[in-house]
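One structure is given here, and the rest of the page talks about it.
The values are calculated or read from the model by the stated rules, or taken from the named source; none is laboratory data. Note that this is a predicted model, so its numbers are computed, not measured. Reconstructed Cβ throughout: ideal geometry from the backbone, glycine too, with neighbour counts over all protein chains shown.
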Amino acid sequence: MTRRTKILATLGPATDKPGVLESILEAGVNVVRINFSHGSEEEHLGRVKAVREWAQENDTYIGVLMDLQGPKIRIASFKDGMKIQLNNGDSFALDADKDNLLGDQTSVGIAYKTLPQEVKPGNILILDDGKIVLEVTEIVGNKINTVVTQGGILSDKKGINLRGGGLSANALTEKDKKDIFTAAKAKADYVALSFPINGDDVRETKILLKEAGSHAGVISKIERAESLKENTILDIINESAGIMVARGDLGVEIGDAQLPAQQKRLIKMARSNDRIVITATQMLESMIENPIPTRAEVFDVANAVLDGTDAVMLSAETAAGAYPRNAVETMAEVCVEAEKNPIAKVSQHRLNQNFKDIDETIALSSMYAANHLGVKVIASLTQTGYTALWMSRISSDVSIYAISANVSTLRKVTLYRGVYPCGINEVANTSWGEVNKSVIDTLTKNNVVADGDLVILTKGMHQDNKGGGTNMMKILRVGDNDY
């Protein structure tokens, strides 16, 4: 069974070791993630180059997502790199005026200097992804006095979250703006935007990408509590190519108990609005150090697949873990097994809604025809990938092949659930019969179809054989002489 859910894997020191990158790509990675929070431009570009070279050598397509760091809402450092033990009931201060390298047992500096103006007594501050919890008792000048309500070990540069959200830090920092130019230089397929507050942050990112000469789609990472408001999240989704359910910071801000319901809500909203969605954070966390996952992690990945996510993401599991290939193989196996469940094949998408455009009508009609006719695959001739995206919003076990001469489009569709890229030579000035035959021959050569199989082909058939919006669906039987 062909895996429909895509795997997004983060590159890092572990994948820089000889043979490791090749091994995870062979194991089934569809899209790689470059994390701008770590490493230099030279390292980022080198990793992208290695991925693209492997893809070309293996006659396939691998997408590249480059992840902007976003605002540094973090504590500063402790003296001599020390770690401190905070116990319940201890007093501890976050001091914007303190030297960034002189944190001690009683206080530490903060990188986010306006924090004292944005909190008030009674607020809950969460450090290091929920490991340390502080309750604000008073603000004295630029110092936030707190009491420890959940203790633990604290070290340099750990993140700070405000329970319930509300910090005003801009989503795009000066570093992010520079990194956008690196993404353009790398010809990234997607750029992930960290901590967007609303759709304006996405709109600004798209303008900066365009100015840098990039055609990357924006993936908005949903990490702030305030971004979950109905109108706000709809604005973010509609302005983005897709969203990422970034469960780390989001869980800290809203509380982990709320995450499962929000994950389901966000996946459903993204798919309903014809956007892609990635589920991320700690999916196979134990595999950073172990060759097998916990059963809870298996359930987590499977539930995301059953919810309808386009992709599941590996972070430190591949970037810094001891078993990168195991992690990819495990995730692939879990996805395939989850996709066998009938729930993953049933869709009510737009059943009771009018279609907006002709090309959307063809896309969705093709999917319903395929599901009821026993079609082996759908072949979508596409310049932009939109037709394949619309098709992929309908749950099904029919494979969708995005057929294009546009390499950028072929890389983008690597993130669409159930869609597989397939390159073809430019079809201009070629008769449609020849195009149809070329598509069938390509699918047959790749062992996708065989004689007798039904294939639905969609394309834009306009005057003078010029391309355009999809307006035609044709059902072909492999082996027939007349295509």
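Annotations
- Check on I126, surrounded by 18 or more Cβ atoms within 10 Å (Cβ to Cβ) and within 32 Å of the chain's Cα centre (by Cα): yes
- Scanning region 134-157 for residues that are surrounded by fewer than 16 Cβ atoms within 10 Å (Cβ to Cβ) and either touching a Cys at 6+ places or on another chain (Cβ under 6 Å) or in a loop (DSSP other than H, G, I, E, B) (or both) returns G141, S155, K157.
- Taking region 242-283 as the range and being in contact (Cβ under 8 Å) with a residue 60 or more places away in the chain and out of contact with any helix residue (DSSP H, G or I) (no Cβ under 7 Å at 6 or more places or on another chain) as the test, the residues that pass are M244, G248, D249, V252, G255, D256, R271, S272, I278.
- Of all the listed residues (K466, K445), the sole one being among the basic types (K, R), modelled with pLDDT under 80 and either under 12 Å from S380 (Cα atoms) or not assigned by TED's automatic domain parsing to the domain that holds I276 (or both) is K466.
- Positions within region 368-417 being out of contact with any strand residue (DSSP E or B) (no Cβ under 7 Å at 6 or more places or on another chain), of a type in the set (F, W, Y) and closer than 22 Å to I7 by Cα, in sequence order: Y386, W390
- Candidates V449, V407 - the one that is among the β-branched types (V, I, T) and closer than 20 Å to V191 by Cα: V407
- Selection status of N326, over 17 Å from the mean Cα position of the chain (by Cα) and within 22 Å of D129 (Cα to Cα): no
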